[in-house]
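One structure below.
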Amino acid sequence: MSNSIGLWEKEPKSNLNQNIFDDFLMWCFKVGASDIFVSSDECLAVMYHDEVVNVGKRPIRTHEIENVLKDIDIQASFSLIQGGKPRDFQYVVQQELNPDSAARFRVSATGEKSGVEIVLRAIPSVPPTCSDLNVENEIVDGSKSEYGLVLITGPTGSGKSTLNAALLGDIAINFSKHIITYESPIEFDLKAIKNKKSRISQTSVPDHVEDYPSAISNALRRKPQVILIGEARDKNTIEGCITASQTGHLVYSTVHTNSVGMTIPRMVDVFPPGERKAITIKLVDAMRLIINQRLVKRKGGGLCAIKSFLVFTKNIRQFLLTKVSNNEGADVGRLITALVSKYGQPLLDDVELKYDAELIDDATYNALIAELGSGEDLIELDLGE
């Protein structure tokens with residue numbers, strides 16, 4: 001692929017500093033780069049239309065990255081990062097002559113063999129709306145329960161945070177709620193949403209609270225109605241999400257799984273074997289919606305989201321609870337996969353919809369069809385409806 005965005009013409013021959021780095025970030029933001037890579041002994045590069053493109057002319061030296069890190073985040077200790085403690089934070093670049101031109105970035109600094117790498121993702125100040133993202137009505141409606149658990153799943157870089165922000169924004173605009181988020185780092189500025197009715201507070205982990213289990217304990221003392229926990233991946237956080245959802249709160253979180261069906265089994269796996277049946281019952285009882293999303297190449301450039309989802313209605317929860325309680329739900333993932341096929345939206349169905357709408361090209365469509373196939377043989381379901 002040719003470098004369709006060109007080189008960054010203002011790159012210095014040496015001594016990258018904060019002012020020059022800010023100029024580089026603003027250039028990346030304006031040309032539409034989704035991610036920015038700054039690595040020891042490598043040229044500056046960006047992710048552009050899902051491909052990595054070099055935009056610098058010379059390798060960046062480790063001491064230059066160290067100096068930039070010290071300037072853009074006082075807590076980003078270079079020695080700690082190199083010693084195995086990655087640092088995630090948010091960085092905002094604002095031009096003095098044009099305050100409205102501020103650009104926001106999610107930053108991850110990680111040690112590597114040759115020194116350190118910084119990866120930055122450009123994020124809009126205000127989240128997109130559900131309409132902007134063409135979110136299905138079933139998802140929008142299913143995410144507005146009075147209490148319970150809403151999970152957005154998918155691999156890293158699949159747009160989970162963006163979808164979460166859009167759904168929370170929809171609540172903020174249409175309802176008078178107290179919404180508290182715990183994020184690592186904070187990405188979108190939910191307070192910047194126009195015409196919102198809700199009160200919103202955004203808390204950074206670990207800058208404002210130590211970790212996600214501590215965040216949940218903190219949230220329950222702040223009288224929220226809606227809580228966002230950035231990621232539910234360990235035993236204490238999952239237990240906290242369940243407790244919060246069962247005490248009258250609507251809890252949003254994310255999980256790194258590749259399908260709706262495998263989400264609850266993956267969460268249960270972090271518990272000791274003797275606790276797994278009980279935690280499965282609690283998760284099923286709390287669940288209101290699971291969405292699985294991934295991003296694929298859009299026809300003509302850019303990325304397109306494909307989604308699978310299941311709204312956990314009262315009948316669906318009762319069906320699963322009965323199966324698990326009677327020891328008939330050992331393979332609860334397969335049961336949920338069957339429920340997605342009958343009562344939700346399988347990923348393959350959305351692939352077909354996106355292809356018919358000419359949002360994905362033949363090559364992407366054929367690759368997805370080959371990967372997803374026709375699905376496994378599904379069991380018969382009877383919810384007594």
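The values are calculated or read from the model by the stated rules, or taken from the named source; none is laboratory data. Because the structure is a prediction, the values reported are computed rather than measured. Every residue, glycine among them, receives a Cβ derived from its backbone with ideal geometry; neighbour counts consider all protein chains shown.
Go over the candidates 322, 364 one by one and state the one that is of a type outside the set (A, V, I, L, M, F, W, C), part of a helix (DSSP H, G or I) and within 25 Å of the chain's Cα centre (by Cα).
On the way: 322 fails: within 25 Å of the chain's Cα centre (by Cα).
So the residue among 322, 364 that is of a type outside the set (A, V, I, L, M, F, W, C), part of a helix (DSSP H, G or I) and within 25 Å of the chain's Cα centre (by Cα) is 364.
Taking only pairs six or more apart or across chains, which ones have beta-carbon atoms under 7 Å, a first residue in region 325-349 that is under 14 Å from residue 383 (Cα atoms), and a second residue that is at pLDDT 95 or above and part of a helix (DSSP H, G or I)?
Sorted first by the residue in region 325-349, then by its partner, the pairs are 335/320; 336/264; 339/316; 343/316.
Hey, any hits in region 154-169 for a residue that's surrounded by fewer than 23 Cβ atoms within 10 Å (Cβ to Cβ), over 24 Å from residue 104 (Cβ atoms), assigned by TED's automatic domain parsing to the domain that holds residue 266 and out of contact with any Leu (no Cβ under 8 Å at 6 or more places or on another chain)?
Among the residues of region 154-169, not one is surrounded by fewer than 23 Cβ atoms within 10 Å (Cβ to Cβ), over 24 Å from residue 104 (Cβ atoms), assigned by TED's automatic domain parsing to the domain that holds residue 266 and out of contact with any Leu (no Cβ under 8 Å at 6 or more places or on another chain), which makes the answer no.
State the number of residues belonging to region 299-318 that are modelled with pLDDT under 95 and either β-branched (Val, Ile, Thr) or crowded, with 22+ Cβ neighbours inside 10 Å (or both). Give the derivation first.
Quick first cut of region 299-318, residues modelled with pLDDT under 95 only: 299-304.
Applying the additional criterion that residues be either β-branched (Val, Ile, Thr) or crowded, with 22+ Cβ neighbours inside 10 Å (or both) yields none.
Of the residues in region 299-318, 0 are modelled with pLDDT under 95 and either β-branched (Val, Ile, Thr) or crowded, with 22+ Cβ neighbours inside 10 Å (or both).
What pairs come out if I take residues in region 70-81 that are in the same structural domain as residue 119 (by TED's automatic domain parsing) and pair them with residues that are of a type outside the set (S, T, N, Q) and at pLDDT below 75 whose C-beta lies under 8 Å away, six or more apart or interchain?
Close Cβ pairs satisfying both conditions: 70/76.
Just wondering, is there one or more residues in region 247-259 that are within 17 Å of the chain's Cα centre (by Cα), within 18 Å of residue 211 (Cβ to Cβ), crowded, with 19+ Cβ neighbours inside 10 Å and polar (S, T, N, Q)? Spell out how you get there, then give the answer.
First, the residues of region 247-259 that are within 17 Å of the chain's Cα centre (by Cα): 251-259.
Now drop any that are not within 18 Å of residue 211 (Cβ to Cβ), which leaves 251-256.
Now narrow it down to the ones that are crowded, with 19+ Cβ neighbours inside 10 Å: 251-255.
Okay, now just the ones that are also polar (S, T, N, Q), so 253-254.
Within region 247-259 (the criterion being within 17 Å of the chain's Cα centre (by Cα), within 18 Å of residue 211 (Cβ to Cβ), crowded, with 19+ Cβ neighbours inside 10 Å and polar (S, T, N, Q)), the answer is yes, since at least one residue qualifies.
Matching residues to (1) assigned to a helix (DSSP H, G or I); (2) out of contact with any Ser or Thr (no Cβ under 7 Å at 6 or more places or on another chain); (3) not charged (D, E, K, R):
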| site | (1), (2), (3) |
| --- | --- |
| 290 | no, no, yes |
| 301 | no, yes, yes |
| 304 | no, yes, yes |
| 334 | yes, yes, no |
| 339 | yes, yes, yes |
| 342 | yes, yes, no |
| 354 | yes, yes, no |
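What is the one condition in (1) over 18 Å from residue 289 (Cα atoms); (2) in contact with a Gly (Cβ under 9 Å, 6 or more places away or on another chain) that residue 176 does not satisfy?
(2)
For residue 260, are the conditions met, namely being among the β-branched types (Val, Ile, Thr), modelled with pLDDT under 95, outside any helix (DSSP H, G or I) and in the same structural domain as residue 226 (by TED's automatic domain parsing)? Give the steps one after another, and end with the answer.
Numbers: among the β-branched types (Val, Ile, Thr): yes; modelled with pLDDT under 95: no; outside any helix (DSSP H, G or I): yes; in the same structural domain as residue 226 (by TED's automatic domain parsing): yes.
So residue 260 does not fit the description; no.
Can you name the condition, by its number, that residue 55 falls short on among (1) within 22 Å of the chain's Cα centre (by Cα); (2) closer than 18 Å to residue 301 by Cβ?
(1)
Inspect region 220-229 for any residue being closer than 17 Å to residue 291 by Cα, buried (at least 22 other Cβ atoms within 10 Å of the Cβ) and under 13 Å from the mean Cα position of the chain (by Cα) and give the result as yes or no.
Initial filter on region 220-229 (closer than 17 Å to residue 291 by Cα): 228-229.
Next cut, buried (at least 22 other Cβ atoms within 10 Å of the Cβ) only: 228-229.
Subsequent filtering for residues that are under 13 Å from the mean Cα position of the chain (by Cα) retains 228-229.
There is at least one residue in region 220-229 that is closer than 17 Å to residue 291 by Cα, buried (at least 22 other Cβ atoms within 10 Å of the Cβ) and under 13 Å from the mean Cα position of the chain (by Cα).
From the list 109, 102, pick out the single residue that is closer than 30 Å to residue 42 by Cβ, in contact (Cβ under 8 Å) with a residue 24 or more places away in the chain, out of contact with any Asp or Glu (no Cβ under 6 Å at 6 or more places or on another chain) and not assigned by TED's automatic domain parsing to the domain that holds residue 346. Give the steps one after another, and end with the answer.
Values: 102 fails: in contact (Cβ under 8 Å) with a residue 24 or more places away in the chain.
109 is the lone residue from the list that is closer than 30 Å to residue 42 by Cβ, in contact (Cβ under 8 Å) with a residue 24 or more places away in the chain, out of contact with any Asp or Glu (no Cβ under 6 Å at 6 or more places or on another chain) and not assigned by TED's automatic domain parsing to the domain that holds residue 346.
Output the residues belonging to region 191-205 that are in a loop (DSSP other than H, G, I, E, B) and surrounded by fewer than 17 Cβ atoms within 10 Å (Cβ to Cβ).
Scanning region 191-205 gives 194, 195, 197.
From the list 185, 206, exactly one residue is out of contact with any Phe, Trp or Tyr (no Cβ under 7 Å at 6 or more places or on another chain), at pLDDT below 95 and assigned by TED's automatic domain parsing to the domain that holds residue 142. Which is it? Give the derivation first.
Working: 185 fails: out of contact with any Phe, Trp or Tyr (no Cβ under 7 Å at 6 or more places or on another chain).
The unique qualifying residue is 206.
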